[in-house]
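**Student:** This is the structure, below, for whatever I ask next.
The values are calculated or read from the model by the stated rules, or taken from the named source; none is laboratory data. Keep in mind it's a predicted model, so treat the numbers as computed, not measured. Note that each Cβ is placed from the backbone with ideal geometry, even for glycine, and that neighbours are counted across all protein chains shown. Ligands, DNA and RNA are excluded from the accessible area calculation, which covers all protein heavy atoms including side chains. Shrake-Rupley method; radii C 1.70, N 1.55, O 1.52, S 1.80 Å.
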Amino acid sequence: MTVDASSSTMDFEMTSVTYLARPRPLEEGDRGHEMTASLDNPPNSDGKTNDDSVYTVSVTVGYENQGFKGDDSQDGPLKPPNRKLTAEEISQGKFQLSTKEKWRILKNVSALSCAFMIHFTAFQGTANLQSSINAKDGLGTVSLCAVYAALVLSCIFVPTFVIKRLTVKWTLCFSMMTYACYIGAQFYPKFYTLVPAGILLGIGAAPMWASKATYLTQVAGVYAKLTDQAVDGIIVRFFGFFFLAWQTAELWGNLISSLVLSSSPHGGGSSSSNSSSSTYASCGSNFCVMNNNNNDNLARPADTEIYEIMTIYLACILGAVILIALVVDPLSRYGERQRRPSTVEISGIQLLSATAYQLKKPYQQLLIPITIFIGMEQAFIGADFTQAYVSCALGIPSVGYVMICFGVVNAICSLLFGSVMKYVGRAPIIGFGFIVHSGLIVWFLIWRPHPDNSMLFFMASGLWGVGDAVWQTQVNGLYGTLFRRNKEAAFSNYRLWESVGFVIAYAYSTHLCAKMKLYALLVVLCTGMLMYAMVEIHHMRKVRRQKEREKKAAALEAATKQVLPAEPEETDDEKDDIDDDIIVTHL
């Protein structure tokens, strides 16, 4: 813009000023006689133009700008008017947000993460004790097997059905309440109480995890749009923060159980110098459930202590549900209606087909083994490691303290890996997790646990937490990156195959010795890493081809002065609809 000091008018060198909102009609008194306006679109046959079209106004001659305000104006510089959504755009599910909305998104992510932390303080603490406090006839591990077996079926049938009717927020609240039944069954642990309660928990767990993943992925896309950042990095960062909070549940849940059990003079067994060397020789990789009935360290704690622990855990479940209901905004604020444009009711068979269709995708098929391993390794650390290594050598009261180390390290690494990923990439972090876990499995095969070396138990659980943090953050983020348009189906498949890993591990828990379980873990881990490498290589090649295609399209556009649409590549890596459905306003 140039200003002529000898004239009261200003000459503008403006071209192609594009207004996406419906323009205000120009009044005769608002413009000079020598201003011309040209329309990009021609009139219709009746002489009228489409009001929703894009107008390009070219100002060729100076005119008096009555709205101009100088630097001395108290109102500050003029800002362009905010775009208003049309009725058609609103009906299509598009939504309008201010850039200040990013702080509200961070509030929602924080509240959701804290609610899961409180919720899993109860469940993780309960699950880690099952193989010890309900060791008779393998009742604890059988109930956990029922949990994840029900979760497998629930992942196929339930999430899309429930989320469609309750929405993401209220699905979270409803699903969390199913956990209260399983914890309540601990007051009277029998096969006919624990197993049905475990099945109910498994049915509720699938929609809960699918809702959580859908919520985080959806708001991550909105946040990336508002802050002009890469969606992949924001997804991993949000998942990293979530798992930071979620993994601290290991700390609080195990701290509660350990403090209560340790304060009891007649609680569960504890290691002592009077224990025979044969007791410790049967621990570790040599541990077999059927051959350790005479180990005093595995004696069940007093019922009064267990009742006290479970009462605290039930209060945690209720607190988590209240936090979700009162603090977390519904996902409809961030385009939930846009994700579910169809209002037509579909049958259960169609819902099953929609979830199963995800299995046809090559990326999904290749990610199945590593996802199964995630379930198996969590089952091992929560049931086999606590029983075969910690309870056998140190006693049940020590389980919580050792698992606290696992939870703390896991939480710190979840946050660390979520932030580091944008600097080093996903593949090096997953490679690091493979090295850590494979090395630990080999060490567990040769290690003979003994109470004289108690620090080794904490070191083992901490390193296992490092590896678990890699899988939780990076594989979840990988699913969110590859399958953006099918979030519920993708994360339901993730939870399905992770649950298959839990079921496999818990099913053979009472029938195999620890050594065979470790061999099985190592085989699945190596297979999963090989197939993951195939996904990563193919995805990197696709991204490289896409960038080259975009570069050629940009060069051709610059040469011909016209926009040419780029051909999308038909792969699992899909463009998120959210990019086109957020209108950012600057208030």
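**Student:** So for the range 502-522 (the condition being in contact (Cβ under 8 Å) with a residue 40 or more places away in the chain, in a helix (DSSP H, G or I) and either among the charged types (D, E, K, R) or touching a Pro at 6+ places or on another chain (Cβ under 6 Å) (or both)), does at least one residue qualify?
**Tutor:** Checking the range 502-522: at least one residue is in contact (Cβ under 8 Å) with a residue 40 or more places away in the chain, in a helix (DSSP H, G or I) and either among the charged types (D, E, K, R) or touching a Pro at 6+ places or on another chain (Cβ under 6 Å) (or both).
**Student:** Another question about this same structure. Could you please tell me which pairs satisfy a Cβ distance under 9 Å, a separation of 6+ or placement on different chains, a first residue in the range 389-409 that is at positive phi, and a second residue that is crowded, with 24+ Cβ neighbours inside 10 Å and part of a helix (DSSP H, G or I)?
**Tutor:** 395/297
**Student:** Something else: Is at least one residue of the range 213-235 open to solvent by 10 Å² or more (accessible area, probe 1.4 Å), under 21 Å from the mean Cα position of the chain (by Cα), within 27 Å of residue 476 (Cβ to Cβ) and at pLDDT 85 or above?
**Tutor:** Within the range 213-235, none of the residues are open to solvent by 10 Å² or more (accessible area, probe 1.4 Å), under 21 Å from the mean Cα position of the chain (by Cα), within 27 Å of residue 476 (Cβ to Cβ) and at pLDDT 85 or above.
**Student:** Moving on to the next point. Go through 150, 122, 197, 115 for me and flag whichever is touching a residue at least 40 places away in the same chain (Cβ under 8 Å) and either polar (S, T, N, Q) or touching a Gly at 6+ places or on another chain (Cβ under 6 Å) (or both).
**Tutor:** So the residue among 150, 122, 197, 115 that is touching a residue at least 40 places away in the same chain (Cβ under 8 Å) and either polar (S, T, N, Q) or touching a Gly at 6+ places or on another chain (Cβ under 6 Å) (or both) is 150.
**Student:** Give the residues of the range 430-483 that are of a type in the set (S, T, N, Q), under 28 Å from residue 396 (Cβ atoms) and touching a helix residue (DSSP H, G or I) at 6+ places or on another chain (Cβ under 8 Å), sorted by residue number.
**Tutor:** 454, 461, 472
**Student:** Could you please tell me which pairs satisfy a Cβ distance under 8 Å, a separation of 6+ or placement on different chains, a first residue in the range 175-193 that is open to solvent by 70 Å² or more (accessible area, probe 1.4 Å), and a second residue that is part of a loop (DSSP other than H, G, I, E, B)?
**Tutor:** none
**Student:** For residue 139, all conditions in the list (1) farther than 21 Å from residue 217 by Cα; (2) surrounded by 21 or more Cβ atoms within 10 Å (Cβ to Cβ) hold save one; what is the number of the exception?
**Tutor:** Result: residue 139 fails condition (2) only.
**Student:** Another question about this same structure. Give the residues of the range 418-431 that are modelled with pLDDT of 85 or more and either touching a Phe, Trp or Tyr at 6+ places or on another chain (Cβ under 6 Å) or among the hydrophobic types (A, V, I, L, M, F, W, C) (or both), sorted by residue number.
**Tutor:** 424, 427, 429, 430
**Student:** Take residue 283 and tell me if it is surrounded by 22 or more Cβ atoms within 10 Å (Cβ to Cβ), within 22 Å of residue 464 (Cα to Cα) and at pLDDT 80 or above.
**Tutor:** Judged against the criteria, residue 283 is a match.
One line per residue, one yes/no per condition, for (1) modelled with pLDDT under 90; (2) of a type in the set (Gly, Ala, Ser); (3) buried (at least 24 other Cβ atoms within 10 Å of the Cβ):
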residue	(1), (2), (3)
454	yes, yes, no
462	no, yes, no
477	yes, yes, yes
513	yes, no, no
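**Student:** Right, next: So which of 359, 367, 314 ends up being modelled with pLDDT of 85 or more and open to solvent by 50 Å² or more (accessible area, probe 1.4 Å)?
**Tutor:** Answer to the check: 314.
**Student:** Run down 566, 554, 520, 533 and say which single residue is among the hydrophobic types (A, V, I, L, M, F, W, C), at pLDDT 75 or above and closer than 25 Å to residue 228 by Cβ.
**Tutor:** 554
**Student:** Answer with yes or no whether residue 418 is farther than 15 Å from residue 462 by Cα and buried (at least 22 other Cβ atoms within 10 Å of the Cβ).
**Tutor:** Spelling it out, residue 418 is indeed farther than 15 Å from residue 462 by Cα and buried (at least 22 other Cβ atoms within 10 Å of the Cβ).
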